[in-house]
1. So what is the 222 nm mean residue ellipticity for the chain from helices alone, if each DSSP H run of at least 4 adds -39500 (n - 2.57) and you divide by all residues, rounding to the nearest 500 deg cm²/dmol?
2. Would you please calculate the Kirkwood hydrodynamic radius of segment 122-239 over all C-alpha pairs and express it in Å, rounded to one decimal?
3. Tell me the label-point distance for the pair Arg226, Lys56, using the 7 Å Cα-to-Cβ offset, in nm and rounded to one decimal.
4. How many nm is it between the label spots at Lys201 and Leu247, if each spot is 7 Å from the Cα in line with the beta carbon?
5. Which order do the peptides 104-114, 38-48, 182-192 come out in when sorted by mean C-beta neighbours inside 10 angstrom, highest first?
6. Here are some pairs, Lys122/Lys232; Lys26/Lys232; Lys71/Lys164; Lys136/Lys194; Lys18/Lys136; which of them have Cα atoms lying more than 28 Å apart in this structure?
7. Please list, by residue number, everything in segment 1-35 whose backbone N is under 16 Å from a paramagnetic label point 7 Å out along Cα→Cβ of Lys161.
8. Can you classify segment 70-166 as rounded, prolate or oblate using the Cα gyration tensor, where a ≥ b ≥ c are the square roots of its eigenvalues, rounded means a/c under 1.5, and otherwise it's prolate if a/b beats b/c and oblate if not?
Amino acid sequence: MFEILEKRYLNENVILMKILATNVAKNVMPGQFIILRVNENGERIPLTVADYNREKGTITIIFQIAGATTKLLSKLEENEKIKDIAGPLGKPSKLEGLKKVLIVGGGVGCAICYPIAKHLFKNNATVHIITGFKNKDLVILDEEFKAISNKFILTTDDGSKGEKGLVTKPLENLLNSNEKYDEIITIGPLIMMKFVCEITKKYNVKTTVSMNPIMIDGTGMCGGCRVNVGGKIRFACVDGPDFNGHLIDFDETIKRNKIYENFEKKAYEKTCNLYKGS
Ligand code: FES
């Protein structure tokens, strides 16, 4: 059993939980995830470790209430316990030797960016961060990102906080200026990562994406995280979650994950046009 030491809403639908999980905290690295089960009869779901404290034995998870299990998890309060936590799982992000990095996060994907940015900043890399949200009510971790970056740009689609527009606009501005990055790391909605990668490919900057957002059971068995990487089928939960963003077939992945169907063709095309026009 794993005790919840802290619970806080980052926005109406996104919750941060700090959990006592000594063994995970001892071994976890940025980019890795856990699989948890809320109670005896619950399903197992993967969640990225958003932060950790090895001395205190704590890990932090940040999740959006999006289905039955996250809803169940959201009902737990401080001092209550989660039945099972397994991990750390997945391959850690490869961050050694990076001196200057641009991180582009979108929505709740920013929670996955956070430990990567923190690790790089702590290890004296120059860290630039762009985060994007639909509006001010959905913004998370802006103060935290400011504290671990040399440059931080917040965007909202409607301009209600930070710069108005999508993350691709400041991204292109930075790449057009004299900024040179060893690597760009982007994590967020598939459609955002697709357009970020299209831009960075044009500028020939190595780009890593985390396919964590498409994972379902995290065990390599459900097939939900299958992704075409340079013509080869890979599984985000086993082979990743990080991949070379320039090799990912995003269109196929988006279709496979039914986003395309749920979304309605028109809404999908409208969003594509938004990115193309930004
Ligand atoms: Fe199910 Fe990877 S999440 S196979």
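1. Details: 10 runs with 84 residues, N = 278.
For the chain, the value works out to -8500 deg cm²/dmol.
2. In segment 122-239 this quantity evaluates to 15.8 Å.
3. Distance between label points: 4.3 nm.
4. Distance between label points: 1.4 nm.
5. Details: 104-114: 25.9, 38-48: 17.6, 182-192: 23.2.
For the peptides 104-114, 38-48, 182-192, the packing ranking is 104-114, 182-192, 38-48.
6. Details: Lys122/Lys232 35 Å; Lys26/Lys232 34 Å; Lys71/Lys164 31 Å; Lys136/Lys194 24 Å; Lys18/Lys136 24 Å.
Over 28 Å Cα-Cα: Lys122/Lys232; Lys26/Lys232; Lys71/Lys164.
7. Answer for this model: 8-16.
8. On the way: a/c = 2.37, a/b = 1.17, b/c = 2.03.
Oblate shape, in that a/c is at least 1.5 and b/c is the bigger or equal ratio.
Throughout, read-outs are computed from the coordinates displayed, never taken from laboratory work. Fair warning: this is a prediction, and the values are worked out from it, not measured in the lab. Here Cβ is always computed from backbone atoms with ideal geometry, including for glycine, and neighbour counts include all displayed protein chains.
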